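Reviewing the structure listed below.
The values are calculated or read from the model by the stated rules, or taken from the named source; none is laboratory data. Everything numeric here is computed off the predicted structure, so don't read it as measured data. All Cβ positions, glycine included, derive from the backbone under ideal geometry; neighbour counts span all protein chains shown. Calculation scope for accessible area: heavy atoms of the full protein, side chains included, ligands and nucleic acids excluded. Shrake-Rupley method; radii C 1.70, N 1.55, O 1.52, S 1.80 Å.
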Amino acid sequence: MSSQESSRPSDEDELFYTQCRAAYLAVFRSSLANISSKQQLCRVLQQAGRNPSHATLNKYWTSRTSKLNFDDFCEILKCERKTDEAELMRAFRKLDVNGDGCITHSVLEKALTSRGEKMTAEEVNAVFSLADVNKDGKLDYAEFCRRLASTAEQCQTAALENLKADAKLRRQNFGSQLYSPPKSSVASESSASAAQHAESDSSAKKDSQSSSRPPSARSRRSSLSNSVTMTSSSSKAGKVLEPQGLQDWRHGSMKGCFFVEEDESISSLQYHLHLPQATAVYLTIQPLSLSHRPDKPPTWMNVDTALFVTSAGETKENLSLVCFTESKDKDKYVWRGELSAGTYHLLPFTTGCRLKKQSKKNFSDKSVKLVYKTDTGELDLTSELREVLSEIFEVIDLDGNGLLSLEEYNFFELRTSGEKCDQDAWAVCKENFDMRKNQLTRQGFMELNLMEATERDGDPADLWVTLESMGYNRMLELVEACPFQIDVYCEGTQPSMQPLSLDSGTKLLNQALQKSITSRFGAKALRGHDNVFIYTYRGDHRISSLIANKANQKVTVHVNNEQNRNCCSSRGMTVFAVEVPARTKMVCQHVLPINEKQDWIYNCVETSLPSTSS
């Protein structure tokens with residue numbers, strides 16, 4: 001198998017997302033529509049062959065939920081299994097005291113009204129009347145299970161068939177490329193169904209021949225194809241060279257961390273850089289390797305990083321992008337040039353291609369033990385937890401001096417609890433925990449966490465909140481965060497760096513990112529849309545696209561990555577849609593190679609379809 005073939009999404013993944021979209025479009029007319037109620041969530045899950053309980057619905061639709069989108073729905077389906085006939089049979093057999101394959105109304109009513117999600121007597125009567133086909137007062141549960149599982153399967157099959165039959169719906173939600181389901185989705189079709197499919201193909205050809213719009217016009221339907229072949233990193237030329245005598249340059253460094261949030265966005269601290277005078281500068285950013293657990297090599301070292309430098313003090317609307325790291329030297333992303341005296345914003349960035357929210361099915365049901373009782377009956381932290389807390393200490397020790405200042409500790413507190421530690425509370429910490437120069441030592445940080453566990457009588461709930469907020473799963477693996485380090489080398493002056501917590505930080509980064517794309521490469525207009533433009537940034541190691549909608553109404557752009565090879569997208573999907581409000585720019589996607597040692601091909605088709613029927 002060639003490298004290009006191996007980089008394609010698996011048939012299983014393609015089938016899964018096709019089924020997701022088919023179920024979604026059985027309820028909504030567009031995959032851009034939002035689920036706006038618990039009832040809609042129930043309907044769309046049933047179309048996907050699920051049989052959600054009240055508990056399941058309440059898990060995903062809480063009092064704070066106002067809407068869920070298509071991506072949310074896909075993540076829910078990954079976590080929720082289909083109705084399993086064998087599992088249902090096992091549950092009914094426990095109620096079958098006579099072993100005759102039947103359950104009486106009274107036995108069923110007692111079970112359903114007193115266990116688990118309790119049903120009312122009226123609900124039990126409704127279920128029984130539907131299931132008691134022979135009307136003999138008994139439920140043949142084997143037949144009931146078969147019918148229930150069959151109904152779930154029929155819902156999913158019907159959704160797929162409706163999507164295949166509705167050409168306009170396919171076109172609107174899959175872009176301009178013809179949609180065909182993965183081979184595995186039609187492997188079980190009968191010969192009659194195959195004949196039906198052949199008839200459908202034949203009629204489609206007739207429609208094409210009889211259409212009043214000539215084929216050449218249809219092929220130009222508001223589509224834009226961008227094809228770029230990228231060479232492997234091993235063959236890159238023209239890398240930014242590390243300056244000679246760098247060890248003699250003035251140096252400043254700062255650590256930080258990318259965190260994947262609940263909404264799958266990525267956040268991090270931002271920084272001020274102050275240069276007293278104009279100087280030659282060498283900037284680097286790279287993932288930070290934590291050395292406390294050599295038996296567990298870091299999984300985040302392949303995460304891409306970048307650093308955008310903007311002039312500080314400027315408004316978002318008038319932001320000046322000074323430079324950003326484009327070249328790569330092993331794990332480092334670097335920039336080299338001259339900077340004037342002044343203060344700058346340093347904005348760390350990662351595309352999200354290799355740092356994503358983990359599906360709950362990838363999390364183990366088991367949990368590592370966090371606390372235990374010693375021989376004297378006292379509580380203590382396990383060695384596994386101490387190793388992880390040592391890693392966390394290293395990440396939040398932003399200046400790398402081996403101590404936590406109040407400012408550094410408060411970045412940690414805001415991340416894990418949403419609250420700050422004031423001067424009075426810090427004074428209490430000084431009395432109870434190991435400190436040096438009014439800063440918390442690593443030992444003091446351990447003592448503080450032990451005290452919190454002791455106050456909870458060993459209940460690890462709060463510890464788990466802290467650990468999960470910092471990106472760890474229940475096996476104490478760092479899976480939803482990526483520590484990084486920024487280094488600034490100046491030839492003629494000492495740089496100074498300070499971490500910032502900016503409310504406008506996301507807007508500043510987004511504005512800098514947009515400018516980095518639009519200022520380097522020209523725009524291409526979508527055919528048929530004079531006011532909709534696609535910008536494509538092509539760096540040595542990343543491709544990013546941006547949609548600029550200069551019209552006075554919103555536009556929906558469908559993006560098709562099916563022809564990409566050895567590529568992964570920040571969207572996590574092969575085909576998706578982006579809704580761009582009027583007179584707005586929006587980053588569409590970022591694309592990286594899956595295997596950096598191999599060539600990769602970016603061949604994306606962007607399509608805009610009119611919102612009204614044509």
Cβ-Cβ below 9 Å, separation at least six or inter-chain, first residue in segment 94-106 and among the hydrophobic types (A, V, I, L, M, F, W, C), second part of a strand (DSSP E or B) and open to solvent by 50 Å² or more (accessible area, probe 1.4 Å): which pairs? Cys102/Lys138; Cys102/Asp140; Ile103/Lys138; Ile103/Asp140
For segment 575-593, how many residues meet the condition of being open to solvent by 30 Å² or more (accessible area, probe 1.4 Å) and either within 20 Å of the chain's Cα centre (by Cα) or of a type in the set (D, E, K, R) (or both)? 4
Output for segment 570-601, where each listed residue is more than 26 Å from Asn531 (Cα to Cα) and either among the small types (Gly, Ala, Ser) or not in a loop (DSSP other than H, G, I, E, B) (or both): Gly572, Leu592, Pro593, Trp600, Ile601
If you check Asn438 against the conditions, is it of a type outside the set (D, E, K, R) and open to solvent by 20 Å² or more (accessible area, probe 1.4 Å)? yes
When Glu408 is evaluated against the numbered criteria (1) modelled with pLDDT of 90 or more; (2) assigned to a helix (DSSP H, G or I); (3) more than 30 Å from Leu370 (Cα to Cα), which criterion, by number, is the only one it fails? (3)
Residue pairs within 6 Å by beta carbon, gap of at least six or interchain, first lying in segment 520-538 and at positive phi, second surrounded by 15 or more Cβ atoms within 10 Å (Cβ to Cβ), listed first then second, are Gly528/Ser222
Looking at segment 485-501 only, could you name the residues that are open to solvent by less than 30 Å² (accessible area, probe 1.4 Å), under 29 Å from Arg415 (Cα atoms) and in a strand (DSSP E or B)? Ile486, Asp487, Val488, Pro499, Leu500
Kindly provide the set of residues from segment 1-42 that are in a helix (DSSP H, G or I), more than 17 Å from Glu153 (Cα to Cα) and modelled with pLDDT of 85 or more, ordered by number. Lys38, Gln39, Gln40, Leu41
Would you mind finding the one in Leu95, Leu108, Leu45, Leu25 that is closer than 20 Å to Thr574 by Cβ, hydrophobic (A, V, I, L, M, F, W, C) and more than 19 Å from the chain's Cα centre (by Cα)? Leu25
Single residue of segment 542-567 satisfying the filter (in a loop (DSSP other than H, G, I, E, B) and among the basic types (Lys, Arg)) that is surrounded by the most Cβ atoms within 10 Å (Cβ to Cβ): Arg542
Does Ser219 qualify as being open to solvent by less than 50 Å² (accessible area, probe 1.4 Å), of a type in the set (Gly, Ala, Ser) and either in contact with a Phe, Trp or Tyr (Cβ under 7 Å, 6 or more places away or on another chain) or modelled with pLDDT under 80 (or both)? no
Restricting attention to segment 338-349, does a residue exist that is buried (at least 21 other Cβ atoms within 10 Å of the Cβ) and of a type in the set (Phe, Trp, Tyr)? yes
Of all residues making up segment 441-465, the number that are open to solvent by less than 30 Å² (accessible area, probe 1.4 Å), modelled with pLDDT under 95 and of a type in the set (Ser, Thr, Tyr): 0
Take the residues of segment 235-289 that are assigned to a helix (DSSP H, G or I) and farther than 30 Å from Gly572 by Cα: which is farthest from the chain's Cα centre (by Cα)? Asp248
Reported set for segment 545-563 where residues are within 15 Å of Val591 (Cα to Cα), under 20 Å from the mean Cα position of the chain (by Cα) and not hydroxyl-bearing (Ser, Thr, Tyr) is Leu546, Val559, Asn560, Asn561, Glu562
Does segment 379-393 include one or more residues that are part of a loop (DSSP other than H, G, I, E, B), in contact with a helix residue (DSSP H, G or I) (Cβ under 6 Å, 6 or more places away or on another chain), among the hydroxyl-bearing types (Ser, Thr, Tyr) and surrounded by fewer than 20 Cβ atoms within 10 Å (Cβ to Cβ)? no
What residue, among those in segment 55-71 that are within 15 Å of Ala22 (Cα to Cα) and assigned to a helix (DSSP H, G or I), is most open to solvent (accessible area, probe 1.4 Å)? Asp71
Residues that are within 26 Å of Asn473 (Cβ to Cβ) and open to solvent by 70 Å² or more (accessible area, probe 1.4 Å), drawn from segment 394-424: Glu419
Scan segment 520-541 for residues that are in contact with a Phe, Trp or Tyr (Cβ under 9 Å, 6 or more places away or on another chain), farther than 17 Å from Ser227 by Cβ and open to solvent by 50 Å² or more (accessible area, probe 1.4 Å) and jot them down. Arg520
